[in-house]
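Quick notes on the structure that follows.
The values are calculated or read from the model by the stated rules, or taken from the named source; none is laboratory data. All of these numbers come straight from a predicted model, not from anything done at the bench. Here the Cβ positions follow ideal geometry from the backbone for every residue, glycine too, while neighbour counts run over all protein chains shown. Each accessible area value is taken on the protein alone, full model and side chains, heavy atoms only, with ligands, DNA and RNA left out. Shrake-Rupley method; radii C 1.70, N 1.55, O 1.52, S 1.80 Å.
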Amino acid sequence: MKKVKNSTDIHQKQGLELSKKLYRSTTEHAKRLDDARSCARNISDLFTPNLQVQRRKFCEYCERLIFSDPVLYGKKGEELLWRKGYYDVVSTAKKLKKKDYTPDEICNLQTHINAGIGFYHHMISKLQGEFNLNLNYVVDFSVGANPVKNDVRTECLEWASLSVHQCLIYLGDLSRYKLEVNPKSESTLAFRYYLQAISFKSDHGMPHNQMGTLAMNQNKFLDAVYHYMRCLACTVSFEGTVNNLHSLFDKNSKYLEQLPLEPNSDCISQSDKNDHLKRFIARFLLLIDIWYFNKKVTKVYSLCHQTYKDLEECLSMLKTSSCESPTESESVDTDSGGEHLNSDMIFKVTVICLLCISKLQKSNHHQASTAVAFTLAIYSQLVQNVSNHIQESVLNYPLPEVEVKIEQTNGIVKDLLKKSQRKRNASKLRRRKALSVESESDASEGENDVDSDVSSDDSFVSDSENVLAESSDEETDAKKSDENDKESVENEEKVDVIKKIKRMDVNDMLEIITEEGSLQAIKIINDWLMQDTEIIKSCGTSTRSLLRQITNMLNLININVKSSKLSGIKLNVNDAIKNEEKIPLSEDVVLKGIDILGKAHKNVDWNYLHKHGMNTKEESVTRIVKFMAFGRFLTAIEETGIGFDEHQNVFVCKTEENDEVKTSTAAVEDLEMQEAESASVINDKESDSKGQLMKMKHMGQLWLASEVRALENRVRGKASLSPYLVLDADALIKYTFMVKQLVHSRKFIVLIPSAVVSALDDLKREQSEARDAIRWLESQFHRGNRFFRAQRPQERASIPFIKYPKKKDKEMCTYIQIIECCYFLAEQQKGAANLITLLIGNQNVLTNGENKEFSYVGLAQSAGVSIESITQFYGKWKKSYKTRR
């Protein structure tokens, strides 16, 4: 009896035979194309009419083969189609190119590439229709709707999804080739396709490898290293990326050797400023090369310190830019000599550090602690830099003359604390219900736990704590009296800044915060720290300066985003507070799939931005909410000593007498001990557990030593400089640029006596410089700069035991009044040496000029006031300023 064959089996067998025939025909066409290509002697031979017809037929055969049996021949057909149909033509044209492409050759190549772009657009459209793929929010070009198959096999769906991803990579490659043929083409088109491929399949690293190749000449290899490391961090990485990264690091080492040494002169030219950025990136990439590939190099800690100082110099020249997506600045422009450090570069530096730490921690390497400490040092500088920018913008903000009614505080942190409290209560309640099945006594204990947990939130608020913690130790002075004076000024200034923020228009304050592009990099490190609480705890026990910096920054950006006066915002802030873990920011989208941030991205709704959209102001508001959530997280860690004062609506940080940084000797000894232990770890096969213990013990020491060295430089540089500076009229008229730099440095309290204002008023008719000085003084006084003010009416006192001359000319009266003002200030701080310096713009005053009976220098010395030429003082300050850097 004959077996009856199923009709389905017959169709499958026929389909398989058809696929085999198509595959044979396709391979035969591929051989003919190879033969014709090998016979080409110039580029025009690649584009003969006959050869173009053959390529078109070949592409049609490949397409039929791919869709006839996707599981068996889909991958093979894709590779044949790409290599023989498009890639080989472009690569052969590169080999046949003599010097430059001729217009005809450019035309032929562009036509070929555009045909490929059109074909792969068609392929994506067909894949979507054939296999019912949902490509919404994946591609940004329109795709046609084809008949949908309802009975698609799982294997086919997996292949189709990967095929769309591969088509997007091919589109990026073709756009890159187009840019090589014609550099005037759209430079961001290739990045666009690669980014879509990354968004679709974030666990595949091939697009990052291609972007690294495209960004080879951008930002002194920084962008290329960033993309290569992102590729290697993906689950499915590209094998050739390791060699690409090695080659890039070798080029960087040679580039670093060619860079000029740091200039020793006080005058820094524009080229020297550009060299600071080049040195920073080159040294930073050398550090990453050492850590990432586990290279044994001596004096790593010295290299860390040099890189840290280079970053400090670059940040001092950083210009604020609005918080935009880290990928929006992607381009393929070649290096230019006039670049400055920008927020996109800072973001990439931060991500590279985290990727390096992730690799070191996975291998349990002993250098992980050093990389963590270096990353914390970068974090500290970024936090301080942002705080300084915001503080300066607030101080220079002109308030309206009419008193503004201050709205109620926003209560964001209070809402977040309640949210976390409800979560803890809910978890306690679930646990209590589960335990109640076993025992009623266990349930009562659960209730007690809930009560104790609720009361613990209130324990963070303490009346004994400072309302505003110090942001850094930067204002420490060599002499104790000067230190106390400047510290009080610092604290008063911070209180004034917070009060002024509450009086400012919330839209203006939001704009100031939005301009700080470095907040994106800071936010990424916040997410990392929230996953590794041991690092935060170590900061709380070893050095608290970083925690004080964080506290100060949080207070500066804690604005009333729930205000009804906020314009241009459609975002529901209350919903954003409730769902802050689900809402992604642009920096989160860019780093989707990175394992070191896996916990932070665990609850993120990646389609949120596509569904709801978000403008720049709304994203800034959401970022503020996330920063406040980070502040709430810090309050839950007892070791940080950070709490939240609901009455003042500020974060507070406990300050202790013994929480200052260690001495330089102790720090150096710690580093030497760390280096010795590191050597032993390398030689010890059983060092895995020791490495983990050593990580928590030493992770902050590198950063600590850098802070100590910077602090010593600051103290040495400022020991001979007074905190109070008093100016005369000549200094303001002749050396205005020096005065402006002293004021803008925010290292001194510059005071203008009333007698000087009167002298300028007398000179304004004769000298235009006097009129300019008056206008500048008026603008500064109107802004209310804390470090630059006029003499108050009561700030004047006669100098005792001094006999004034009976006949006094106008100049003598002016200088006597100036010195009396200085004497009043000196009397307020009795026992403080070198507190006030009178800066003179006329050298004759120091030599007493024509007046032989009365000495201005003697009068100043008897009043306890230093008197000095502004040019000499400016030179000393610039020298100390350079030493400090």
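Give me the number: length gained by fully extending GLU257 to ASN574, i.e. 0.36 nm times residue separation minus the C-alpha to C-alpha distance, one decimal in nm.
Extra length available between GLU257 and ASN574 comes to 108.7 nm.
As an exercise, find the ratio Rg/Rh for region 723-794 from alpha-carbon atoms, using the Kirkwood inverse-distance average for Rh.
Ratio of gyration radius to Kirkwood radius: 0.94.
Could you pull out the pairs from LYS830/LYS876; LYS523/LYS570; LYS500/LYS654; LYS309/LYS578 whose alpha carbons sit more than 31 Å apart here?
Details: LYS830/LYS876 26 Å; LYS523/LYS570 23 Å; LYS500/LYS654 24 Å; LYS309/LYS578 41 Å.
Distance filter (> 31 Å) returns LYS309/LYS578.
Can you classify region 520-621 as rounded, prolate or oblate using the Cα gyration tensor, where a ≥ b ≥ c are the square roots of its eigenvalues, rounded means a/c under 1.5, and otherwise it's prolate if a/b beats b/c and oblate if not? Spell out each step's value before the answer.
Details: a/c = 2.61, a/b = 1.33, b/c = 1.95.
The shape class here is oblate.
DSSP loop (so not H, G, I, E, B), at most 10 other Cβ within 10 Å: list which trypsin sites (Lys or Arg not before Pro) in region 16-63 pass both filters.
Here the trypsin sites (Lys or Arg not before Pro) that fit, given the DSSP loop and packing criteria, are ARG41.
Share of region 11-133's accessible area from carbon and sulfur, percent, 1.4 Å?
Solvent-exposed carbon and sulfur of region 11-133 make up 50 percent of the total.
Work out how much length ARG24 to SER187 would gain on full extension: take 0.36 nm times their residue separation and subtract the Cα-Cα distance, in nm to one decimal.
Full-extension gain reported as 54.7 nm.
Under a crude label model (7 Å from the Cα following the beta-carbon direction), how far is ASN132 from ARG789 in nanometres?
For the pair ASN132/ARG789, the computed spacing is 7.4 nm.
Going through the cross-link list LYS75/LYS348; LYS499/LYS592; LYS278/LYS740; LYS98/LYS220; LYS617/LYS740, which pairs have a Cα-Cα distance over 31 Å in this structure?
LYS75/LYS348; LYS499/LYS592; LYS617/LYS740
In nanometres, what is the gap between the two model label sites at PHE781 and THR48, each 7 Å from Cα along Cα-to-Cβ?
8.9 nm
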